[in-house]
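Structure first, then comments.
Each value in this text was obtained by applying a stated rule to the coordinates, not by laboratory testing. Here the structure is a predicted model, which means the values were calculated and not measured. Here the Cβ is made from the backbone with ideal geometry for all residues, glycine too, and neighbour counts use every protein chain on show.
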Amino acid sequence: MNQIGNNIQWAAQLLQEDQVVGMPTETVYGLAGNALSEKAIDRIYTVKNRPRTNPLIVHIHHPDQIELYAQNIPVAARQLAKAFWPGPLTLLLEKTNLIPNVTTSGSSWVALRMPNHPVALNLLKALDFPLAAPSANPYGYISPTKSIHVQKQLGTQVPYILEGGLCQKGIESTIVGFEAEKPIIFRSGLITQAQIEEVTGISISEVQKHKTVATPGSSKSHYAPRTPLHLGFQVSDLASNMPLTQVGFLAFSQFHPEIPIKNQRLLSPKASLDEAAQHLYEALHELDAQGLDLILAETIPDEALGKAINDRLFRAAHKIKKH
Ligand code: TXA
Ligand code: MG
């Protein structure tokens, strides 16, 4: 059996045995395991080398399953699930006892999401338990948007990876929690603040962290390539003895005239934010594999989805230059 393939039954069997599987979603590939099994959860943390204080998102295949795993669900949460599931939205809700404490790192809140990818949905339907799935990268490294990224980063620690093509959306889901029925955005993503406000009719004045619920993953350096990434730096900021053949450039829509073309990636030649999001991690993976001394990256227009892309670039950066 090849490590990458389309065999949902095989993947389901491995998951029933508390093993982990690479699972495509529309955002990024996840490292999936039985969300109700302490043994499977333990395996996810070990393979990802992720601190056990950082909880996992639980994936479901039908909106009604929200009732099984969450309680005291705010009206706004139901409105958002109805509007955006299946899709790139994660809801932070009070958990029921069906969700083990290890899955939420001891928190009484569970992160729930119904992904919009046929392979993920078919896999979930083949199982009688939900799937915990963090992004399938070693902790802190670039998220995977292709099956080969999972294979290269996690190797034989993952017995099987389901093929799902290049992820259509390309960056992680928006995470929304609630304080007294009012939505709070914990992680920006494909679903924008304006969309959340429109659906719930509630304006979100502050995009900030909840006082009692921490999203540990969102406060650390993340999504980072091994090659130092300098955000907002110009070629003129580089040391004069730095050969441009050793410098990469991650651009929004236009090549840099002085840097060799093979060292450059355009996120979207037609300057589309959707296309830029889809290609962000792929471009970072490719540039990181080139053995460069450093990568210069541009920020993206800071509007709508551009905010979520810039958030990932800031976290990926080793150095940031503010203009
Ligand atoms: O698009 C996505 O959300 C992808 C795909 C695979 O579904 N998953 C993903 O998972 O990005 P991960 O583990 O890389 O990021 C999940 C974030 C982390 O920052 C984690 O701290 C937070 O969600 N989180 C998960 N459960 C939580 C909980 N119960 N309370 C607070 N934060 C939670
Ligand atoms: Mg992640």
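Some points to look at:
- Output for the range 49-67, where each listed residue is without any contact (Cβ under 8 Å) to a residue 60 or more places away in the chain, part of a helix (DSSP H, G or I) and of a type outside the set (Asp, Glu): PRO63, ILE66
- The single condition from (1) part of a strand (DSSP E or B); (2) more than 10 Å from ligand 1 (Cβ to nearest atom) that ASP42 fails is (1).
- Enumeration of residues in the range 240-279 that are β-branched (Val, Ile, Thr) and touching a residue at least 24 places away in the same chain (Cβ under 8 Å): VAL247, ILE259
- Scanning the range 100-109 for residues that are polar (S, T, N, Q) and either assigned to a strand (DSSP E or B) or more than 21 Å from MET23 (Cα to Cα) (or both) yields ASN101, SER105, SER107, SER108.
- Looking only at the range 105-153, and only at residues there that are surrounded by fewer than 24 Cβ atoms within 10 Å (Cβ to Cβ) and among the β-branched types (Val, Ile, Thr), the one that is farthest from ARG52 (Cα to Cα): VAL119
- Filtered by the rule that a residue be part of a loop (DSSP other than H, G, I, E, B) and more than 16 Å from ligand 2 (Cβ to nearest atom), the range 110-135 gives MET114, ASN116, HIS117, ALA126, LEU127, ASP128, PHE129, PRO130.
- Test result for ARG78, assigned to a helix (DSSP H, G or I) and within 15 Å of ligand 1 (Cβ to nearest atom): no
- Enumeration of residues in the range 86-99 that are within 12 Å of ligand 1 (Cβ to nearest atom) and assigned to a loop (DSSP other than H, G, I, E, B): PRO86, GLY87, PRO88, ILE99
- Evaluated against (1) in a helix (DSSP H, G or I); (2) within 17 Å of the chain's Cα centre (by Cα), THR156 falls short on exactly one condition, (2).
- Among residues of the range 22-61, those that are within 16 Å of SER107 (Cβ to Cβ) and of a type in the set (Ser, Thr, Tyr), counted: 2
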